[in-house]
């Protein structure tokens, strides 16, 4: 934990580097009593309850809402182990053990969809994820407050476009009969064919994603950037650190906790690469590249009325996400970051 | 150019010409890439039937001006009513969500507190495992919430992603301030409302925006849980306009309900819908950005 | 294209893709409790054979309105003008002042609700019953109806499109528990109490028999659901005649194709090409054997043809996208031939004629290839059904049937004008052709609610559009000769899961072949795979169905 050194991390409060809590004190003293930071070494349960009941009470409303509207219906996912049909419900549908899982796993199309999903996820992670960060830093560096606000309010608007509209816009501008293709044709060149070329699929869908959501993704980073103490920049500048050194030593470390957190959350969600974008462009690029887990399951459910298949896939995705989150969190701890939660 | 740099802090060096050029080119490029499609959308929504029919798609070059699409949209009073429904749901929903999220995020943000790890883990699970459509419907139906506005709020009221992000921002606040308040006998509620929230306006505004946008854009809950058309939110009402002539079977002759000749082309209406849904969005970001708080993350100096 | 983006639109497209292969294999029939595996799914089920005729209404034609151009051989009648005066048809069958809710999908703008809508007030008063509509988003109707059925939350009157019925698991069982058995009210001569329901086609009624009970009120359909529309005005301007064979169509396409000037010959025409080449809709039954469309030479020829068309660059590049905008492209002349629902024709007129009075579409003549006749796949006899909630009082059921009877009034009656266009002078005016034209009030209030809660004989009536009725009836009266019934017509079938599931890999691959991403020689492989992964299973299942129904 103490290896946070190089940097500039967040909230360097008292007791820097006291292991386990990522540079922050554990639950600080109240009425003079020291607070255990790990579960094992602290005061008794009763004492902790007396100390923390207010905090627990605060978590209660959210917990109740989720218990009722999330955990309870999520129990319905047991249909993954059934031949479920909605009419008979969970109670009336027959139990089939892991038969639905076996069926899914024995379908080569499932694996092909899983492969495509992983490829797209990897591309998203490498080529999409960093862009909002870079864009946020760029936007934040615009000095005129008005221009900055204007640019920021404009770049996040495509987020509110539906995928159908995004695909249509791409088609009409970059498609084979689109704006550019017509210009090329009229000047005797070959038209663009990227909107139907399977080899260009990853490029096209990533571009669409960047266009639609990069601006939206900047918001959270802009909030974090704003929160960085400007005095740091000033004193660094006084010490002779140039523009790039300031970004490297102040801006990025300031964003680091947020970046790591979002990265971990993204990993948990990695198999949900989207549905509609791929569904809409299925024929254009062919199912060979565009079939992802969600479209695969969608067809399974719709065509065959097999709701259990969706539940199976949901469980698989959830478990994969859970493992990734735990692993990523562990790695974050190794690197001296908090991740989602601290290690014990 | 000069306006661009008059806001430069005194300590910052004047950027070099090439770097300024590069930066401005990139920014201009981004602006064009985003603004051009926006322009196409707005233009199509304002184009008369002749222009839309000639374009055979979105209108790229202006050819006449018509507000017919907007007149059609707001003609029956249905859309105006749906705007009120959506505003109400968004407002109440955002307050409920933000309240529950802030409380829980703070409650779990104090290092070493009782059970914070298992509770956080429980929240995180909701991010990974989602309930199916039908179990959720049956629950909402059993709770008697069909046709209640609460069905548009409660099932999505707490979002684990937002909660975890908010908690992370809380944890990055300088801890010694709340610690010393605790020493002075302040209770957790006081610390949250008097110390933590004022330092967290930025993230509160952002998470509020996330929730608000979620409620504003949502329509699928309403499809499932709201039978009474008078309670439909805006997005669902707007969807209906784009379904004209899209019926599955040629026999459900919707388009046959003879339209007055004055009605706007489908595509213009579709784009007007996009514009209508975008309008509140253009106002909201400046409100959010205003709250971005300066300097609450105290970074260590240099490395 | 459509917005906002909904899986649903795509869902529709997806169905369209599967369309000709019978994603909505239809039916009249009795559903015995499927092959004994109600709960286990996967097996597929079909109705057992029984004499349906005791269960359906006695047919008695309503003859007070006489068509100008009678349809031959089952083609719809044509009406070249709106009559000056309308016949009153419902007679003394009236509601008794009750109040009922009705749930139907809606593919159009939401009208103002009951209480703020004078169209509802007017029609409800004419019927004598208050009907309160709860419209549902048409594009996601399958999700909604799955939930509604699982939650047993149906309205007093509920409309289901047939493709939804076929996709809801265990619908055959649900229908008996959720909805009233209408047999006592409508079977045989009982239906004569509702003369406009007795005027509905018997095959359409047969399709609404479930579990040996008459459960639903049908929506009789046109014989054909889709075909190729073309820009007749542009062809005439260029002095070109409509094609009469597949080869001519191809040559014409090459002549017309002009990408440099933003003009392509074709939109998607795959489904029609199958019919031109004579492929069956799903199964062909010959000499005691079932051959699936995928196994026929005719279908293969149509795939090869489509590949040629793609290779020649005759298809508009946007057609590759699922959110395709072929309607707009046809209207703008950027494509000249495009397959659409037949209803797309007058929809296009309502969009374009005001702006371009010379705009003319026509249906491409029905032709085959190589001297053969085409095979036009006959539509299912009923494409949507209306059900009445169970456990109502008999008087209430009779009142709802009176409402439905009113809404079944055919073209040419006062009732038809009422429920379609509202009150003359208030919601619509009649133009110089006598056709109704909605007023501003009508535009915002009139809707398809009443139109959807009952069916009526199909007819070609849009005489407000130039040449429309003449051309469409002419096409129909010619094309009807090539109509081919599915061997399973009139049997409600829930397809075996593996059979359904095997279809998508095949259609995906065919899509790849047509678009040039895979070689034609791949066809054999994918068809073998299809046979192995569910095709053979489907064949056995369907063969048994034929035997059960004594059609073998």
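Just so it is clear, none of the values below were taken in a lab; they were calculated from the coordinates. Because the structure is predicted, anything quoted here is derived from the model rather than measured. Cβ atoms come from the backbone with ideal geometry, glycine included; neighbour counts cover every protein chain shown.
Hey, could you pull the Cα Rg and Dmax for segment A:41-91, both in Å?
Spelled out, the Cα radius of gyration and Dmax of segment A:41-91 are 18.4, 53 Å.
Report, largest value first, the span of the C-alpha coordinates of the protein assembly as shown along each principal axis, in whole Å.
For the protein assembly as shown, the Cα extents along the three principal axes come out at 96, 70, 63 Å.
Could you list log10 I(q)/I(0) for chain A at q = 0.08, 0.09, 0.14, 0.15 Å⁻¹, which the Debye formula gives when each Cα is one point scatterer?
-0.58, -0.72, -1.30, -1.35
May I ask you to derive the FRET efficiency for residue B:130 and residue C:289 from their Cβ-Cβ distance with R0 = 45 Å, giving the value to the nearest 0.05? Numbers along the way, then the final one.
Numbers: r = 47 Å, r/R0 = 1.04.
Computed FRET efficiency for residue B:130 and residue C:289: 0.45.
Out of the DSSP beta bridges found with both residues in the protein assembly as shown, what percent are antiparallel (nearest 5)? Spell out each step's value before the answer.
Working: 33 of 54 bridges.
Expressed as a percentage, antiparallel bridges in the protein assembly as shown total about 60.
Roughly how crowded by other chains is peptide A:238-247, in terms of the mean Cβ count from those chains within 10 Å of each of its Cβ atoms?
Whole-number average of other-chain Cβ neighbours for A:238-247 is 2.
Based solely on C-alpha atoms, express the radius of gyration and the Dmax of chain B in angstrom.
Looking at chain B, its Cα Rg and Dmax stand at 24.9, 76 Å.
Evaluate segment B:2-70: find the radius of gyration of its Cα atoms, find its Kirkwood radius, and give the ratio Rg to Rh.
Working: Rg = 19.6 Å, Rh = 15.1 Å.
A ratio of 1.30.
Separation between the residue A:189 and residue B:95 pseudo-spin-labels, each 7 Å from Cα along Cα→Cβ, expressed in nm?
5.7
Across the residues of A:216-224, average count of Cβ atoms on other protein chains within 10 Å?
Average neighbour count from other chains, rounded to a whole number: 6.
Please report how far the C-alpha centroid of segment B:178-247 lies from that of segment C:224-249, rounded to the nearest whole angstrom.
Going from one Cα centre to the other spans 54 Å.
For chain C, give the share of DSSP beta bridges that are antiparallel, in percent and rounded to the nearest 5; count only bridges with both residues there. The partial results should precede the final answer.
Numbers: 31 of 51 bridges.
Bridges in chain C that DSSP calls antiparallel: roughly 60 percent.
Between A:196, A:290, A:181, which gets the highest mean-square fluctuation from a Gaussian network model of chain A, Cα cutoff 10 Å?
A:181
Output needed: percent of Cα pairs per 10 Å distance bin for segment C:368-448, bins running from 0 to the one holding the longest distance.
Histogramming segment C:368-448 at 10 Å steps yields 14, 27, 24, 20, 11, 3, 0 percent.
Comparing B:62, B:15, B:111, which has the greatest mean-square fluctuation in the GNM of chain B with Cα pairs linked when under 10 Å apart?
Top of the fluctuation ranking is B:15.
Place a point 7 Å from the Cα of residue C:72 along the Cα-to-Cβ direction; which residues of segment C:468-482 have their backbone N under 19 Å from it?
Within reach of a label on residue C:72: C:469-482.
Run the simple label-point estimate for residue C:59 and residue C:80 please: 7 Å along Cα→C-beta, distance reported in nm.
2.7
When Cβ neighbours within 10 Å are restricted to other protein chains, what is their mean count per residue of peptide B:138-150? Show your work: numbers first, answer last.
Numbers: counts 10, 7, 4, 6, 1, 2, 0, 1, 4, 1, 0, 0, 0.
Rounded to a whole number, the mean comes out at 3.
Quick check: the distance between the Cα centres of segment B:39-112 and segment C:120-188, to the nearest angstrom?
So the two Cα centres are separated by 32 Å.
Place a point 7 Å from the Cα of residue C:121 along the Cα-to-Cβ direction; which residues of segment C:391-427 have their backbone N under 16 Å from it?
Residues C:422-427 qualify, since their backbone N sits under 16 Å from the label point.
On a 0 to 90° scale, report how tilted helix B:78-107 is relative to the longest principal axis of chain B, with both axes built from alpha carbons and the result rounded to the nearest 10.
20
Pick from B:89, B:165, B:79: which residue has the top mean-square fluctuation in a GNM of chain B where Cα pairs under 10 Å get a spring?
Among B:89, B:165, B:79, the largest GNM mean-square fluctuation belongs to B:165.
Determine the distance separating the Cα centre of segment A:55-111 from the Cα centre of segment C:389-454; give it in Å without decimals.
The distance from the Cα centre of segment A:55-111 to that of segment C:389-454 comes to 45 Å.
R0 = 35 Å: FRET efficiency of residue B:13 with residue B:282, Cβ-based, nearest 0.05? Before the final figure, lay out each step's value.
Numbers: r = 35 Å, r/R0 = 1.01.
For residue B:13 and residue B:282, the calculated efficiency is 0.50.
Please report, for the Cα atoms of chain C, the Rg to one decimal and the Dmax as a whole number; what are they, in angstrom?
23.5, 68
Please give, to one decimal in nm, the separation of the simple spin-label points placed at residue C:236 and residue A:64, each 7 Å out from Cα toward the Cβ.
Output for this residue pair reads 7.3 nm.
Could you work out the relative contact order of chain B? I mean the mean sequence separation of Cα pairs under 8 Å and 6+ apart, divided by the number of residues, in percent. If you can, show how the numbers build up before the last one.
Working: 276 pairs, mean separation 88.5, N = 303.
Averaging sequence separation for qualifying contacts and normalising by length gives 29 percent for chain B.
Going by average Cβ neighbours within 10 Å, how do the peptides C:427-437, C:327-337 rank, with the highest at the top?
On the way: C:427-437: 16.7, C:327-337: 24.5.
Per-residue Cβ counts within 10 Å, averaged per peptide and sorted highest first, yield C:327-337, C:427-437.
What FRET efficiency would be calculated for the residue pair residue B:176, residue B:197, taking the C-beta separation as r and a Förster radius of 22 Å, to the nearest 0.05? Mind showing how you got there, number by number?
On the way: r = 18 Å, r/R0 = 0.80.
Once rounded, the FRET efficiency stands at 0.80.
Give me the orientation-averaged projected area of the Cα convex hull of segment B:76-241, in nm², one decimal. Intermediate results must be reported in sequence, preceding the final value.
Details: hull surface 44.7 nm².
That works out to 11.2 nm², a quarter of the Cα hull's surface.
When Rg is the radius of gyration of the Cα atoms in segment C:271-426 and Rh is its Kirkwood radius, what does Rg/Rh come to? Kindly include the intermediate steps, with their values, before the conclusion.
Details: Rg = 22.1 Å, Rh = 20.2 Å.
Value, to two decimals: 1.09.
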